[in-house]
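The values are calculated or read from the model by the stated rules, or taken from the named source; none is laboratory data. Just so it is clear, the model here is predicted, and its values are computed rather than measured. A quick note on method: Cβ atoms are made from the backbone with ideal geometry, for glycine too, and the neighbour counts reach across all protein chains shown.
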Amino acid sequence: MIKKELVMLTFCLCISLVVAQLSLSEVDEVYNLGDRLYVTINGIIGADSGNLNLNLICSNTTTSLLKISARAFSSSSETSYSLPYKILSEEDLEISNIEDIVGNCFLQTALGIKIISGPQFKVSNQINIEVSSDKEEYNPGETMVLDIITKKENGEDYTGEIELSNFTEGLELVEAQKTIEVALDESLEAGSYIIGFKLSDDQGNDGEQTLEFKINQVPSRISFGVNSLDIMPGEKIAVNGEVLDQSGNIIYDTMDLEFTSPKGFRIQETLEPSAIKEIFIPFNSTKGDWKMVVTSGDLRDELTINILPSPHLEYELRDNILTVINVGNSLFSDYFNLTIGPTEKRVFAELEPTESKQFVLTAPHGNYEIGLNDGKTNFTGSTFLTGNAVSIKDLGTGEFFTSPILWLVLIAALGIGGYIFMQKSPKAKNFKGKFAGVKNIRKKIESKAPKGYKKEVSKSLNFTTKSPEVQGIDDKNYKSEDSSMKDFTLNKLKTAESSLVLKGDKVSGSVLVLKITNYDQLNAHSNSSLEKIIQSLKGHHAVIDKRNNYIFFLFVPQITKTYKNEILAARAGVELLDELNAFNKKFKQKIMFNLAASSGEMVVSKTKDKIKYTSLGNLMPVVKKMSDSASTKLIINEGIRKKLLRDLKVEKYKTLGEKQTFSVISVKDREANEQKLKDLLKRM
């Protein structure tokens, strides 16, 4: 019986020893920095000495999590102890570097001589980023759609801020999964790009990711230019151009060029990128605005090129017959020089485009060198001639009518005879009939006269009291007005008067309008200065018409002695602009002004001390309206701009009705620009 009781006591002691074994609760496989760590220690039996310890061991670093005296626990029965959660942070763990616990770790508890270690787990500082885009390649200006997922390594969602490098930053993610739209700039250069994604929190966790995508190269525009917008027939126009992508880089694609005349004739060429293409403009090319269009795919650009009017003579010599043909695009009405051996003659010809004329050459028996020059074309040849003297005869008329001397004698005789006849006529009633007879004679003479003399005959057979100097047919010395008329351009600024002119010359002139908007408020000094500025224009041969706060400067051939009055008006306008701006910078009271210039037709009569004029059409109303729209600028119309393309630098201003106006920036130094162009073409 006693033996049986001893066996039972030994068995109970063994069970007690097994139950009293220390153990640790299970932990997660992965923790991120800042997570809470929960631990329970089981099988604790108290003792009179020693401590219950709990440590976190990571690599070679041991961090104490718990230390309690063994006397705090019962020595007669097992107890458990749950550790209040520990936060994996420097503050809660009382460590100086949180990176010391990153990696593989385990827990270890000890009570007296008993030591128990828990399973291994990981402490991580990693936040994973998953990024995907809706496609791999984009055109500039498109929108990229990104799907972004962010999770800590422990599997928990991360919400916070994410930074996108190169495009945007500080983009807040309010959900674990977020769809983001990124606008791609329209001028973004073609190539491969990488977007960097980066995030971090205040516990020391962070993450990085990249996404690669491609921007396509898209042809966006054509850039091309020419050496000049005004081309003379017989010259070459130099063209070069490129196809540019969205960022302005060259795409090495060829371009199609089409050059179209006003009559629809087309010249077609292929342009190579960055190469100069020279196109010869034939002598007979239609004058006027040609359209040059360059295309590549759906891209298109165009320029307007002005082909200038220019006659051009070509010569052909067969035996003693000289053929002259105008292969240019405008009327030739001038002299050309002809040399037969040592003898030089000036021959007048009037030839429309494609028109030709033949001349018979004669000279004493022998071989002769023949030379021809019209200022543009030189021709040399040799032929055998016969005759009594050196002469040239127009095959289109009889020999008599080809003699200028005989024509002059006949015209002078008829003019003097007619004048005497009229002076001696006894009755006024017979005057008209007799004068009509003179007119009939004049018409007969004109009908048989060669073209070269018809226009001078028309001028000569006017019975008038003007001096012979005015009535002569000498081209070089011809004057359109009596020498007794006084030229007011030689001394002071002239005056003009707008009135209904019933008798005068219809001319094309230019008008410069100065509007003083604060005219009534100007003090004496400003008025005096304004008058001096106006007087300074006398060097531009202008006549002035003052109407309240409008001051009109007229540039007409009767005064300026030229038909190129547009450039005079432009230069005078720029000078006025500079003078008035200089005054306004210097003095307190400002002269508020507007400037405008236009050109058109008017009837002009020159009296003893002033010019009287009547504008035709809407010249004056339009130029006044232009001056009303300006503000301390010089405004010109489309007509002046076209005539002075090579002389003025302008920019587009306002549109009045359907008409575009332009603001003058400066008057170009044409000779200097032509020299620069020559130097540029030499380098090409």
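Among all residue pairs at least 6 apart or on different chains, which show Cβ distances below 9 Å where the first residue, located in region 626-643, is assigned to a loop (DSSP other than H, G, I, E, B) and the second is among the charged types (D, E, K, R)?
Sorted first by the residue in region 626-643, then by its partner, the pairs are ALA630/LYS515; ALA630/LYS654; ASN637/LYS659.
If you check LYS122, LYS114, which single one turns out to be among the basic types (Lys, Arg) and in contact with a Cys (Cβ under 8 Å, 6 or more places away or on another chain)?
LYS122
Could you tell me whether any residue of region 394-412 is closer than 18 Å to LEU322 by Cβ, modelled with pLDDT of 85 or more and surrounded by 15 or more Cβ atoms within 10 Å (Cβ to Cβ)?
yes
Take the conditions loosely packed, with under 15 Cβ neighbours inside 10 Å, in a loop (DSSP other than H, G, I, E, B) and not assigned by TED's automatic domain parsing to the domain that holds ASN240 and apply them to SER187. Does it pass?
yes
Quick check: is even one residue across region 117-136 assigned to a strand (DSSP E or B) and basic (Lys, Arg)?
Yes, the conditions are met somewhere in region 117-136.
Within region 520-535, can you find the residues that are farther than 15 Å from MET592 by Cβ and surrounded by 14 or more Cβ atoms within 10 Å (Cβ to Cβ)?
ILE534 - this is the single residue of region 520-535 that is farther than 15 Å from MET592 by Cβ and surrounded by 14 or more Cβ atoms within 10 Å (Cβ to Cβ).
Would you mind telling me which numbered condition in (1) in contact (Cβ under 8 Å) with a residue 12 or more places away in the chain; (2) exposed (fewer than 12 other Cβ atoms within 10 Å of the Cβ) GLU91 fails?
Result: GLU91 passes all but (1).
Is there a residue in region 272-285 that is surrounded by 15 or more Cβ atoms within 10 Å (Cβ to Cβ), over 22 Å from the mean Cα position of the chain (by Cα), outside any loop (DSSP other than H, G, I, E, B) and outside the structural domain of ILE340 (by TED's automatic domain parsing)?
yes
Among the residues of region 299-317, count how many are in contact (Cβ under 8 Å) with a residue 40 or more places away in the chain and among the charged types (D, E, K, R).
Matching residues across region 299-317 total 3.
Just one of (1) closer than 21 Å to LEU577 by Cα; (2) surrounded by fewer than 17 Cβ atoms within 10 Å (Cβ to Cβ) trips up VAL622, so point out which.
So the condition that VAL622 fails would be (2).
Here are the criteria: (1) part of a strand (DSSP E or B); (2) touching an Asp or Glu at 6+ places or on another chain (Cβ under 8 Å); (3) over 30 Å from LYS642 (Cα atoms); (4) in contact (Cβ under 8 Å) with a residue 40 or more places away in the chain. Tell me which single one VAL294 does not satisfy.
(3)
Test of understanding: among THR304, THR286, which residue is within 30 Å of LEU244 (Cα to Cα) and among the β-branched types (Val, Ile, Thr)?
That would be THR304, the only listed residue that is within 30 Å of LEU244 (Cα to Cα) and among the β-branched types (Val, Ile, Thr).
Going through region 550-591 one residue at a time, which ones are of a type outside the set (A, V, I, L, M, F, W, C) and closer than 13 Å to VAL667 by Cα?
GLU566, ARG571, GLY573, GLU575, ASP578, listed by residue number.
Could you count how many residues in region 214-260 are among the charged types (D, E, K, R) and under 30 Å from SER330 (Cα atoms)?
4
So VAL174 passes all but one of these: (1) modelled with pLDDT under 85; (2) assigned by TED's automatic domain parsing to the domain that holds ILE68; (3) out of contact with any strand residue (DSSP E or B) (no Cβ under 9 Å at 6 or more places or on another chain); (4) not hydroxyl-bearing (Ser, Thr, Tyr). Which condition number does it fail?
(2)
Would you mind finding the one in THR323, THR354 that is free of Cβ contacts under 8 Å to residues at least 40 places away in the same chain, of a type in the set (Ser, Thr, Tyr) and not assigned by TED's automatic domain parsing to the domain that holds ASP245?
Selected residue: THR323, the only one of THR323, THR354 that is free of Cβ contacts under 8 Å to residues at least 40 places away in the same chain, of a type in the set (Ser, Thr, Tyr) and not assigned by TED's automatic domain parsing to the domain that holds ASP245.
What pairs can you find where one residue is in region 236-263 and free of Cβ contacts under 8 Å to residues at least 12 places away in the same chain and of a type outside the set (A, V, I, L, M), the other is surrounded by 15 or more Cβ atoms within 10 Å (Cβ to Cβ) and not in a loop (DSSP other than H, G, I, E, B), and their Cβ atoms are less than 9 Å apart, with a gap of 6+ or different chains?
none
Can you confirm whether region 603-615 contains a residue that is under 34 Å from the mean Cα position of the chain (by Cα) and surrounded by 14 or more Cβ atoms within 10 Å (Cβ to Cβ)?
Scanning region 603-615 turns up no residue that is under 34 Å from the mean Cα position of the chain (by Cα) and surrounded by 14 or more Cβ atoms within 10 Å (Cβ to Cβ).
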